């Protein structure tokens, strides 16, 4: 009986943590730069784009160079304009723009999972 309760508790814990992660992933595009709970400044770099290499599809910001792959999601953070965020593209990554870059995981900090680009004008 005790094993059954432990099993149910473990399954419940796993399911609850998975829904948070899924919810975080689904709503991440709406969260402004630097405000992702539990992620910003822990698993992300925040800074100004210093260099872009379109040939290699890399971006350098905050002293870190990351690869932008076909799976990398790019979002335009328009929160300063009080507008909703939009999907962006590699062309929106411009030198001098503020960005938050989340790397794929701790074993691959050189590959971007997503990039938020701050847009200051419509």
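The values are calculated or read from the model by the stated rules, or taken from the named source; none is laboratory data. A quick note: this is a predicted structure, and the numbers were derived from the prediction, not measured. Here the Cβ is made from the backbone with ideal geometry for all residues, glycine too, and neighbour counts use every protein chain on show.
General remarks:
Results for (1) more than 12 Å from residue 45 (Cβ to Cβ); (2) modelled with pLDDT of 90 or more, shown as yes or no for each residue.
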site: 60; (1), (2): no, yes
site: 68; (1), (2): yes, yes
site: 77; (1), (2): yes, yes
site: 83; (1), (2): yes, no
site: 87; (1), (2): yes, yes
site: 108; (1), (2): yes, no
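- Taken over segment 42-59, the residue count meeting the criterion of being free of Cβ contacts under 8 Å to residues at least 24 places away in the same chain, surrounded by fewer than 16 Cβ atoms within 10 Å (Cβ to Cβ) and not in a loop (DSSP other than H, G, I, E, B) is 1.
- Segment 81-94 residues that are touching a residue at least 40 places away in the same chain (Cβ under 8 Å), paired with ones that are part of a helix (DSSP H, G or I) (beta carbon under 6 Å, 6 or more apart): 85/29; 85/30
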